[in-house]
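Step one of this worksheet: look at the structure below.
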Amino acid sequence: MKNIVILISGTGSNMAAIVRCAERDRWSAKYAARVACVISNKSNARGLLFAKEHGIATEVLDHTAFDTRDAFDAALAAIIDRYDTPDSPALVVLAGFMRILTPGFTAKYAGRLTNIHPSLLPAFPGLHTHQRAIEAGCKFAGVTVHLVTAELDHGPILAQAVVPVLVDDTPERLAERVLAQEHQIYPRAVAGLLQQMGH
Ligand code: GAR
């Protein structure tokens, strides 16, 4: 069985969309894959409750308890590796996980570490993407699912969805419409990777 480990920091609506899709489309039968664990760096992340309700193991790893990024990432990898076997490496899915990862961590999971970012990368890496898209006068915004590399919000693009920026749009309204698209494309992109991985 291939394990999917999802990392969150907050609401976890993308994680929930992936879990619902895995249940609905029976990923366990189709790809021999399951969402095995949800890890949050914040103990009050709402998504942890959803995961528990769906019978998924949860872990909290508080980044403030670590002196360095290297120490935090090593502890994170130790949890992930419980779900990893040489025969069946885990798929690691960042879903609103708001931590910058070290090059050692991204290299360790290269090719099986995904992220979702609320912009049409390579435009607007980093924070406040919707506000920046509106301020730049963009007519279209959107979302990108990509494989994670050492460089923040870069890496091979797996999927994108485009959302028009409306006259008088606010960052909040645009974010809401983009998020609806996120919930469509992230589960599909993860399923695509599972299929590619031959499971
Ligand atoms: C999503 O919009 C995701 O694209 C964004 O955080 C939100 C998390 O929502 N991620 C980033 O900004 C990463 N750079 P969720 O917790 O409800 O999935």
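Coordinate-derived values only; no laboratory data. Just so you know, these numbers come straight off a predicted model, no measurement behind them. Here Cβ is always computed from backbone atoms with ideal geometry, including for glycine, and neighbour counts include all displayed protein chains.
Whether any residue in the stretch 19-38 is touching a Gly at 6+ places or on another chain (Cβ under 6 Å) and free of Cβ contacts under 8 Å to residues at least 60 places away in the same chain is what I want to check.
No: the stretch 19-38 contains no residue that is touching a Gly at 6+ places or on another chain (Cβ under 6 Å) and free of Cβ contacts under 8 Å to residues at least 60 places away in the same chain.
Testing V60 on (1) in contact (Cβ under 8 Å) with a residue 24 or more places away in the chain; (2) within 16 Å of the ligand (Cβ to nearest atom); (3) touching a helix residue (DSSP H, G or I) at 6+ places or on another chain (Cβ under 9 Å), one condition comes back false. Which one is that?
Every listed condition holds for V60 apart from (1).
I'd like the full set of residues that are within 11 Å of the ligand (Cβ to nearest atom) and aromatic (F, W, Y), limited to the stretch 27-54.
F50
Count, please, the residues in the stretch 152-180 that happen to be among the acidic types (D, E) and more than 13 Å from the ligand (Cβ to nearest atom).
Number satisfying all stated conditions: 2.
Within 12 Å of the ligand (Cβ to nearest atom), touching a strand residue (DSSP E or B) at 6+ places or on another chain (Cβ under 8 Å) and assigned to a helix (DSSP H, G or I): does that describe R188?
Numbers: within 12 Å of the ligand (Cβ to nearest atom): no; touching a strand residue (DSSP E or B) at 6+ places or on another chain (Cβ under 8 Å): yes; assigned to a helix (DSSP H, G or I): yes.
No, not satisfied.
From the list V190, V143, V163, V167, which residue is surrounded by fewer than 17 Cβ atoms within 10 Å (Cβ to Cβ) and not charged (D, E, K, R)?
V167
Do we find that E23 is among the acidic types (D, E), more than 11 Å from the ligand (Cβ to nearest atom) and over 22 Å from A191 (Cβ atoms) in this structure? If you could, list the steps in order and put the result at the bottom.
Details: among the acidic types (D, E): yes; more than 11 Å from the ligand (Cβ to nearest atom): yes; over 22 Å from A191 (Cβ atoms): no.
The answer is no for E23.
Could you list all residues from the stretch 85-108 that are crowded, with 21+ Cβ neighbours inside 10 Å and away from the ligand (no atom under 16 Å from the Cβ)?
A90, L91 - these are the residues of the stretch 85-108 that are crowded, with 21+ Cβ neighbours inside 10 Å and away from the ligand (no atom under 16 Å from the Cβ).
Tell me whether the stretch 46-59 contains one or more residues that are within 21 Å of I79 (Cα to Cα), touching a Leu at 6+ places or on another chain (Cβ under 6 Å) and among the aliphatic types (A, V, I, L, M).
no
Given the structure, is A133 within 14 Å of the ligand (Cβ to nearest atom), among the small types (G, A, S) and closer than 14 Å to N14 by Cα?
When the stated conditions are applied, A133 does not pass them.
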